[in-house]
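The values are calculated or read from the model by the stated rules, or taken from the named source; none is laboratory data. Keep in mind it's a predicted model, so treat the numbers as computed, not measured. Cβ sites come from the backbone with ideal geometry, for glycine too, and all protein chains shown count toward neighbours.
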Amino acid sequence: MTKKKIITGISLILLISVGLFFYLSVKKDLPRNTDKHQEDTLNWVATKIGSLHIKTFKGDSLNNSPNLVFVIHGDAPFNKPGYQYRMAKKISSANKNTIAVGVLRPGYTDVEEQTSNGVKGLTTGDNYTLENIDAIAEAITKLKSIYRPAKTVIVGHSGGSALAADIISLYPGISTTAVLVSCPCNVPNFRKHMKETQNDPLWNEPVESISPLDVADKIAKETQVVLMIGEKDDITPIELSRQYNEKLKSLNRNVKLISIPNEGHEILLSKPVMKAIAEVLR
C-alpha cells in the first residue's frame, strides 16, 4: 500500500469519526421548542408536548357533520414547510362541506416563523417517534371532538405520510381514510436508500422511529388506505409503497396503490392527488 493511500484512508476514517462525534453530541441535546401559545383550535392546539401550530380552512356549505381533513408535511430538511397549508386551503375550496387543517409537525418552524412545540430531530427518518405520533393524534382527536365530522381523512406527504400511517395503526379508527403520498413506509429500507444516495453516516445511526410496515396489522379493517407515488420518485422509491401495499393486502385491509407516471417526489399538490382526495370525500 502506498503512502498516499494510507494517508487517504486515515483521512477518511477521521472524517467519519468527526461526523459521528458531531451526531452523537448533537443527539444528546436536540433542541426542544417550549414556546407558550394560547390554544384556539384554529391556529394552535394544545397537546402533552405543548402546542402544535395549525392553519384551519373552512369550505362552503358546511353543515353539522362536515368532512375533516388533516394535511401533514414531509421532513423538510432544507426548507421551512408551508405547503401543507396551501394543500389544506385547496382541499377546503375544492370540496363542499369540508374543513381542512394544515399541521406543522413537532419542533418545526414554518415559513411564517411559527414553531410547534416538540423536537424536530435531524430529519434523517428519526422523528417518526411515539412522542410525535401521540402529539399529532391528540390534536386530531381534539379537533374531531369539536367538529364531529362525517368523515376524517389524514393526508401525509413523505415523512408526514409515515407519521399518518403510524397514527392510523396506533390509533385504530381515528380516521376514515389515510392518503399516503410519497411514503417511506418501510423506514429501515428508506434510510438505507438515503444513506446510499447521500453517502452520509448519519443515516446509519439508530433511531426511535416507528416504521409503518411494522405496525400495519394494527390498522382498523374499516379504515381505507390510499397510497400515491410518483414512478420517478428518487427520495421514497416506489418499492417502499409497494411493500406496504402488499403487507396491507396480506392483512386483508382496504388499500389501493396509485402510481403516477413521469412524476417524482413532490406530488402532494398535483391534480391526481387532489382527485383521489375528492373521491374519498364523496
Notebook entry, point to check: Is at least one residue of segment 79-102 under 23 Å from residue 37 (Cα atoms) and in contact with a Pro (Cβ under 6 Å, 6 or more places away or on another chain)?
Noted result: yes
Next item on the list: State which residue pairs qualify: first residue free of Cβ contacts under 8 Å to residues at least 60 places away in the same chain and under 20 Å from residue 91 (Cβ atoms) and inside segment 257-269, second residue part of a loop (DSSP other than H, G, I, E, B) and acidic (Asp, Glu) in any location, beta carbons under 8 Å apart, and separation of 6 or more residues or different chains.
Entry: 260/231; 263/231; 263/233
Check: Inside segment 49-77, can you point out the residues that are polar (S, T, N, Q) and either closer than 27 Å to residue 235 by Cβ or buried (at least 23 other Cβ atoms within 10 Å of the Cβ) (or both)?
Finding: 51, 67
Item checked: Those residues of segment 110-147 which are within 27 Å of residue 193 (Cβ to Cβ) and among the polar types (S, T, N, Q), in sequence order -> 123, 124, 127, 129, 132
Next item on the list: Give segment 260-282 a look and list any residue that's more than 16 Å from residue 158 (Cβ to Cβ) and in a loop (DSSP other than H, G, I, E, B), or say none.
Entry: 261, 262, 282
Notebook entry, point to check: Does residue 146 satisfy the condition of being part of a helix (DSSP H, G or I), under 21 Å from residue 83 (Cα atoms) and touching a residue at least 60 places away in the same chain (Cβ under 8 Å)?
Noted result: no
Next item on the list: Working only within segment 206-233, note down all residues that are within 17 Å of residue 75 (Cβ to Cβ), outside any loop (DSSP other than H, G, I, E, B) and touching a helix residue (DSSP H, G or I) at 6+ places or on another chain (Cβ under 6 Å).
Entry: 212, 229
Checklist line | Residue count for segment 37-77, restricted to those that are of a type in the set (A, V, I, L, M) and assigned to a loop (DSSP other than H, G, I, E, B) | finding: 4
Notebook entry, point to check: Can you pull out the residues in segment 189-205 that are among the charged types (D, E, K, R) and not in a helix (DSSP H, G or I)?
Noted result: 200, 205
Next item on the list: Take residue 253 and decide whether it is over 17 Å from the mean Cα position of the chain (by Cα), over 16 Å from residue 161 (Cα atoms) and modelled with pLDDT under 95.
Entry: no
